[in-house]
Structures are given as C-alpha cells and as structure tokens.
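Here, each number is a calculation from the coordinates, and none is a lab measurement. Fair warning: this is a prediction, and the values are worked out from it, not measured in the lab. Every residue, glycine among them, receives a Cβ derived from its backbone with ideal geometry; neighbour counts consider all protein chains shown.
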Amino acid sequence: MSNVVLVGSQWGDEGKGKIIDILSAKSDIIIRFQGGNNAGHTVVIGDEQFILHLIPSGILHKGKICVIGNGVVVDPEALLHEIDTLKKRGINVDKSLVVSDQVHIIFPYHKLLDELREKRKGKSKIGTTKRGIGPCYGDKVSRCGIRLTELLNPKILREKLKFNIDEKNAILRTLYGNKGFSLDEIYATYLDYGKRIGRYMKNTPLFLNEAIEKKKSLLFEGAQGTLLDIDHGTYPYVTSSSATAGGACIGTGISPVKIRRVIGVAKAYTTRVGEGPFPTEFASELMKKIRKKGKEFGATTGRPRRCGWLDAVILKHAVMINGLTELVVTKLDVLDDTDPIKICVAYKCGNKTLRYFPTNMDTLSRCKPVYEELPGWKEDTSSVTKYGQLPFKARKYIAFISKVAKKKITMVSVGSERSQTLIRV
Ligand code: GDP
Ligand code: IMO
Ligand code: MG
C-alpha cells in the first residue's frame, strides 16, 4: 500500500480509529500528525475495546511502527498513562512507539487556562475537551512553546518554563484570581517525564523520509475532522490544529508529492461534540433514538454527542479541501430502523440557495437544510459480510452519497468490530 492519509470528513468521531486499525494491516508505519489527547479513537477486536488518545490506532498490530509526529501536542502524563494502560493489557509499545523530538508539550497551565477561558466565555464557550490543546498550540505559534527535546535539557527547560510561568501566573492572578503555579514543582515533574519519554524520541521527519526511500508504506492518522480544522472548519468552534489532509505534511515533514491516497471517513449521519452551528441537527426524539443506537457519547470526555442527518454540503467541502480520493462510510447499521432517511443537499439562507459550505459562520448559523428523502431499509445490516448482501435500499443510500460527493465509497462499516467492515475494492 502506498502512502495514505486518512481524515475525518465531519466534526470528528467518524470511526477513524476503526478504519486505521483495518488499514494498518497493510501499512508499515502509522503516524499521528496533529491534535493531542483531545482525540479518542476506538478500536474493537472481538469483545475487547481500546480507546487510543495519542498513540496511533495501528498499535494493536504486531510489528508496526507507530509515530507521534511533530505536529502533535503531547501531555506527558497522558502519554505515560496510555503506555502503561496498554502494557497492562499485554501491548508493550517500547519497540514500536516513536515520538518526535519536536512535539510541543502540554503543561498544567495550558489545561487550567483552557478551562478558565471557557468559563469566562460563558454562553459563547467552544465546549473544548479541556485538555489544554488551544493554549499549547497558542504558545507554539507565539514561539514560546516547549518541545520534547527541551524536557531533556535541564538548563533550557528551566529558563523557558520560568518565562512561561511568570507570564501565565500574571494572567492567572490578575484576570482569574487563581494562585498560579510553582516553577520548582513543574520543573521537577517535567524533567522526570522527559527522562521517561526520552527513550521514544527521534528526529521523525528524517526517520519517515528515510522509510519512504526504503519503500515502506506510511499511513497518516488524522484526528478530529475537517469541520474542526483551525482554518477550514467552523471557526471559532474548532480545534487548534490542521485536521485536514494538508496537516499530514506539516505535522510530519513529508512532502505532498509523496502522498498517493487521501481517504475521508464519514458517518452515515452526522455528529458533533461541543458548541457551534449544526444545520442538520435532529429534534429531540430522533436525537435520543440515534444517540442511543449509535452509542454517541464522547470517547474522551463522555459527553453526549449532538446528532443529525447526513450533510452532503459538508461532505463536498471535505472532498474539496482534502482532495479526497475516496470515502469510507461508517455506522450504516445505526440507521437500520430509521425510515425515511434524509440527506441535506443544499442550504437555504434567506432567499438564497447555497450548494457550497459558507466560510462565514454567521451565514452558516442562519442556514436551513434542504433535504432529499430516501426510503429506509428496515433490516439488520450488522451481520452482513459482503457489500452485495446489503439490502437494496441500503445500497441505494450508499450510491446516493457517492453521487452527491462525486467520490467512490471503498468501505462501508456496519458495526464497531473489525470484521463488520464491507470492503469494496
Ligand atoms: P474516531 O474518533 O473517528 O476514531 O471515532 P470514535 O472512536 O470516537 O467514535 C466512533 C464510535 O463508533 C466508536 O465507539 C466505534 O467503536 C463505533 N463504530 C465505528 N464504526 C462503527 C459502525 O460501523 N457501526 C457502529 N454501530 N459503531 C461503529
Ligand atoms: P477525534 O479524533 C470530536 C472538539 C471539542 C470542541 C472542539 C475544541 O476523536 O475525532 P479542543 O479540546 O480540541 O480545543 O476542543 O473540538 N473536539 C472533538 N470532537 N472528536 C474529536 O477527536 C475532537 N477533538 C476535539 O469537542 O468542540
Ligand atoms: Mg473520537
């Protein structure tokens, strides 16, 4: 398999983890390129469930290398916890995990600022995961962030931490009435984290480019989704990284000319966690039904996900921004007893009909969906093992998605388990 990027086509939680796990079988190296432990990627093997937050979802395959690329932000406590949890379940990552020396480190002040800033925003809060993602990327872009390699250099770490803690404490004390942080405590704790994580550290752009020269297959695992991308999503209700395909190059040091396929994962309906406009959001009854059947609760925070009809305007946006070469549709089984099924094909905004995703969020919040209706199939699909065995009306639904997105659908998922995957190519 040549080098492949996989991204979410909606607002995250599309089932990327499951699809990465399947594609990992034919890849050599699996790489996260953005985000942090705000992600929650679920892989189900038999009756065992794994939720990965920072470590790529390929880790459950023996003999694969899993890389945390330079574009990721790493909370060392969360990473060490994930490593230990996997170890307890019989998966030793010591020979397979590689962490870029350039990843930016999430410190306790990032997490506290994330939480306090959300509180201060009141009604206009984003609904973040409170993992410190935004403040950490903020420091990276402001050029005062601290990278993993610096956790291993006591002198530089202390200097940089002092600058940051002095500044953050001033904000915490004056604006938030919080006592702030002690330099000595954070310094000692993070120096220790550096010692423990240092063993996985590598110059990953070099490592990955050399792997490509050796004809290894790379699989880039996107976190979040197109509409949570800092530039191309529903700003400001987004995350703080480039969750679209371009982010795979920036976040790993691999040139775009080395990428052959870009796979977009889309649920057969839509969900989002957190605040912000959502044109096809269900009214309460369908919301309850689909949330229950699809187990739509956050893999990271446990928050109930907002659910709605599939939005083809969003899918077309994802196809364009990511240059998707194909689509994978997940959770088709969740619609098994829904009839009719609607798909949003355009938005009505005042007396205008929009067929493309608006860049202005005020416009989006005033958009009303224009639906096409398809009949439901009202049959169980979760035990189907071949695409051709799907009910005719379910195949019609898939064909309709393919037609509006103008992309082939190469896989359809009908359950969370590895085997519940219908591969079409
Ligand atoms: P990710 O963040 O994109 O990896 O997705 P999450 O793991 O956060 O959420 C997807 C959820 O749906 C997980 O609980 C998966 O186990 C589950 N899932 C994935 N594919 C399917 C499917 O085809 N059908 C059903 N019913 N569940 C699925
Ligand atoms: P995966 O990889 C769904 C959402 C949060 C919030 C916004 C900003 O599992 O698909 P942040 O903590 O990143 O500053 O929060 O982004 N969000 C996700 N929603 N899936 C995710 O990841 C998400 N990661 C962040 O709910 O609305
Ligand atoms: Mg998730």
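To the nearest 10 degrees, how steep is helix 76-88 against the longest Cα principal axis of the chain, on a 0 to 90 scale? That helix lies at roughly 70 degrees to the long axis. Is the C-alpha gyration tensor of region 162-296 telling us rounded, prolate or oblate? Criteria: a/c under 1.5 is rounded; beyond that, a/b larger than b/c is prolate, otherwise oblate. Judged from the Cα gyration tensor, region 162-296 comes out oblate (a/c at least 1.5, b/c at or above a/b). Sorting M361, M320 from the fewest to the most surrounding beta carbons within 10 angstrom yields M320, M361. Hydrodynamic analysis of the chain uses the Kirkwood radius over alpha carbon pairs. Inserted into Stokes-Einstein at 20 °C and 1.002 mPa s, it gives a translational diffusion coefficient of 97 µm²/s. Mind checking the log10 I(q)/I(0) for region 104-197 at q = 0.10, 0.13, 0.22, 0.23 Å⁻¹? Debye, one equal scatterer per Cα, no solvent, two decimals. Each listed q corresponds, in turn, to -0.26, -0.44, -1.15, -1.23. As a size descriptor, the averaged projected area of the C-alpha convex hull of region 266-423 was calculated at 9.5 nm².
Rounded to the nearest 500, the 222 nm mean residue ellipticity of the chain from helices alone is -10000 deg cm²/dmol, with -39,500 (n - 2.57) taken per DSSP H run of at least 4 residues. Residue exposure proxy: R272, R147, ordered by other Cβ atoms within 10 angstrom of their Cβ from fewest to most, comes out as R147, R272.
Among V404, M201, L422, flag the residue with its Cα farthest along the positive direction of the charge dipole of the chain, charges on Cβ as +1 for Lys/Arg and -1 for Asp/Glu. Farthest towards the positive pole: V404. Footprinting exposure proxy ranking of I45, I321, fewest other C-beta atoms within 10 angstrom first, gives I45, I321.
For K130, the aspartates and glutamates whose Cα falls under 19 Å of its own Cα, not counting residues fewer than eight places away in the same chain, are D13, D75, E77, E82, D114, E115, E118, D139, D229, E275. Pairs over the 21 Å Cα-Cα cut-off, from the set K119/K295; K293/K403; K87/K267; K125/K342; K18/K331; K295/K368: K119/K295; K293/K403; K87/K267; K125/K342; K295/K368. Scattering from region 1-69 was approximated by placing one identical point on each alpha carbon and applying the Debye formula without solvent; log10 I(q)/I(0) at 0.13, 0.27 1/Å stands at -0.32, -1.45. Report, to the nearest 10°, how far helix 204-213 tilts away from the longest principal axis of the Cα atoms in the chain, using its own Cα long axis and a range of 0 to 90°. Computed tilt is about 50 degrees.
For the chain, take the longest principal axis of its alpha carbons; what is the angle in degrees between that and the long axis of helix 284-293, to the nearest 10 within 0 to 90? For 284-293 against the chain, the angle is about 70 degrees.
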